[in-house]
1. Of these, Gly61, Gly83, Gly112, which one is of a type in the set (Gly, Ala, Ser) and at pLDDT below 90?
2. Could you grab me the full set of residues in region 15-29 that are under 14 Å from Ala261 (Cα atoms) and touching a residue at least 12 places away in the same chain (Cβ under 8 Å)?
3. For region 214-234, check the following and say yes or no: at least one residue is of a type in the set (Ser, Thr, Tyr) and at pLDDT below 95.
4. For residues that are aliphatic (A, V, I, L, M) and either away from the ligand (no atom under 15 Å from the Cβ) or modelled with pLDDT under 95 (or both), tally how many sit in region 240-265.
5. Counting just the residues of region 208-222 that are assigned to a strand (DSSP E or B) and touching a residue at least 60 places away in the same chain (Cβ under 8 Å), which one comes out farthest from the ligand (Cβ to nearest atom)?
6. Within region 257-270, how many residues are surrounded by 17 or more Cβ atoms within 10 Å (Cβ to Cβ) and not aromatic (Phe, Trp, Tyr)?
7. Criterion first (more than 15 Å from the ligand (Cβ to nearest atom) and either within 23 Å of Arg245 (Cα to Cα) or of a type outside the set (Asp, Glu) (or both)) does Ala114 satisfy it?
8. Test of understanding: among Thr23, Thr58, which residue is β-branched (Val, Ile, Thr) and touching a strand residue (DSSP E or B) at 6+ places or on another chain (Cβ under 8 Å)?
Amino acid sequence: MIPKARKAVFPAAGLGTRFLPATKAQPKEMLPLVDKPLIQYGVEEAIHSGLQDIIIVTGRGKSAIEDHFDVSFELEHLLERSGKKDLLALVRGISDMIDISYVRQKEALGLGHAVLRAKELVGKEPFCVVLSDDVIDAEIPCLRQLQDVYEFYGASVVALMEVPKDMISAYGVVDAEPVDHMGQSDRLFRIRNMVEKPKVEDAPSNLAIIGRYVLTPEIFTSIEAVEPGRGGEIQLTDGLKHLLRSRPVYGYKFEGKRYDAGDKLGFLQATVEFALKRYDLGAQFRQYLKTLPL
Ligand code: G1P
């Protein structure tokens, strides 16, 4: 029997330099897409994918994340007194959502290092990693799609997406061969090699790693074995490359639309599209957009 992943790790200690000045005193994970912070989209995706425990890797200046998922007595009291039942349910729903543990990453030493900080809390079981900058709108949650592959093969799986050549240097990039899976031959790949943020001319393909992973616990030993890589940081991509020596690693081109919400343009795109989809705002917002001289 292949054990199922139960826990999801959310690295959230990064400095958010791509979104300054908004992120000078506010965690980028708390930037609101319409009316929900980015990280809540990821947490809800994890819940809808059947995960039971969330581990958030935080750092200095990130206490707003803990407060967001905690009980807010003053606010609840106020809403209760003023009879705002809908808002009260909304606020309570967030703290009741799921069990969340926190671990600190004291220095921003890279994504691999952040994941390694969760080693004790994860234990010796498979787990997911969610980068909350990557917001994915999908009928079947992206993490669920990856877990379906993991539960079939029992090996680590990363989310993949084709990106234009001029953007490839911003990603971990894989060299991979397609594998027939569930009657499809263009979604699942067996990874042969991978490289973190290559130069355009060195990129082995146009298949980029997107921020969703299902990992087997051997990844921790692999991360511990690698030296600092791109940007002088301990990279998760390098850990996965090390894992490839002893285990198969798969990549899955997920179904759905991904927004890079850690980037200003990507964030604006996500804001507009999510607002248009909202039952309570969409129609009015569409009307408003039509009045703009575009
Ligand atoms: C991280 C990973 C990279 C991946 C990307 C996806 O990079 O290191 O491999 O392609 O997330 O968003 P970051 O964007 O945090 O620099």
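The values are calculated or read from the model by the stated rules, or taken from the named source; none is laboratory data. Source: prediction; values computed, not measured. Cβ atoms come from the backbone with ideal geometry, glycine included; neighbour counts cover every protein chain shown.
1. Exactly one residue qualifies, and that residue is Gly61.
2. Listed by number, the residues that qualify are Gly16, Arg18, Phe19, Pro27, Lys28, Glu29.
3. Checked region 214-234: no residue is of a type in the set (Ser, Thr, Tyr) and at pLDDT below 95.
4. Number of matching residues: 0.
5. Among them, the one singled out is Val214.
6. Looking only at that region, the number is 6.
7. no
8. The conditions single out Thr58.
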